[in-house]
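Structure first, then comments.
The values are calculated or read from the model by the stated rules, or taken from the named source; none is laboratory data. Treat the numbers as computed from the prediction; the structure is a model and nothing was measured. With ideal geometry, Cβ positions are generated from the backbone for all residues, glycine too; neighbour counts draw on all protein chains shown. Note: areas computed on protein heavy atoms with side chains; ligands, DNA, RNA excluded. Shrake-Rupley method; radii C 1.70, N 1.55, O 1.52, S 1.80 Å.
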Amino acid sequence: SPVPHPGVGDSSDRVSRARCRSSLATVSFVDQGLLQRIERHVLRFAATPSRQFPMLRASGQVDLSLLRLGARSHPNPKIRWQCLTLFDHLDGDESVPVVLDVLLGDSVPRVRRHALHALSCDRCKTAPLCVDVVPVVAKCLHSDDNAKVRRQARDVLARYLPDERAVQALAGHP
């Protein structure tokens with residue numbers, strides 16, 4: 001059964017989103033070696049064709065903890081987005097807390113849109129996530145300051161109809 005993420009579905013506003021973004025933006029990599037290691041790791045696997053992800057997953061070559069760290073706190077949004085892309089295909093429920101943090105706290109809309117995708121797309125994964133995404137996607141729909149992110153959140157919620165929570169969240173958001 002789906003496991004709700006703590007804090008998902010509670011009330012918050014754009015001010016708290018700004019605080020989250022601010023805290024993400026102030027993360028500094030004291031260890032430049034770690035920053036470069038994340039970049040090399042991402043660049044090594046970022047061009048992997050979709051059909052090769054099952055083989056890559058089975059190989060154990062990808063350091064998922066490194067990708068999680070990069071997705072949350074790398075200063076380059078392209079690297080954060082690529083980290084999400086990789087563990088969207090290679091990881092499962094273990095990545096959900098990172099994806100939720102990015103969705104609700106990253107300052108770059110493209111990164112937040114990919115976090116929405118990583119939460120909701122079962123085609124990319126070996127198994128569906130065991131998490132109830134409706135509350136966090138609804139929160140995103142109502143609080144994100146970017147129209148494209150809200151539009152994608154609306155489209156994701158539409159896939160969960162007739163779930164009453166999705167109906168409620170979509171009310172007033174054509």
Scanning the range 82-93 for residues that are open to solvent by less than 60 Å² (accessible area, probe 1.4 Å) and part of a helix (DSSP H, G or I) gives Gln82, Cys83, Leu84, Thr85, Leu86, Phe87, Asp88, His89, Leu90
Looking across the range 66-79 at residues that are touching an Asp or Glu at 6+ places or on another chain (Cβ under 9 Å) and part of a helix (DSSP H, G or I), the single one that is surrounded by the fewest Cβ atoms within 10 Å (Cβ to Cβ) is Pro77
Restricting the range 8-64 to residues that are farther than 30 Å from Leu141 by Cα and of a type in the set (D, E, K, R), the one modelled with the lowest pLDDT turns out to be Asp31
Pairing a residue in the range 94-111 that is farther than 13 Å from Leu67 by Cα and part of a helix (DSSP H, G or I) with any residue that is small (Gly, Ala, Ser) and open to solvent by less than 40 Å² (accessible area, probe 1.4 Å), where Cβ atoms lie under 7 Å and the two sit 6 or more apart in sequence or on different chains, gives Leu103/Ala115
Checked pairs for the range 115-137, first in contact (Cβ under 8 Å) with a residue 40 or more places away in the chain, second open to solvent by 40 Å² or more (accessible area, probe 1.4 Å) and among the β-branched types (Val, Ile, Thr), C-beta under 9 Å and 6 or more apart or across chains, list as Cys130/Val3; Val131/Val3; Asp132/Val3
Restricted to the range 37-64 and to residues being open to solvent by less than 70 Å² (accessible area, probe 1.4 Å) and among the polar types (S, T, N, Q), the residue nearest to Leu103 (Cα to Cα) is Thr48
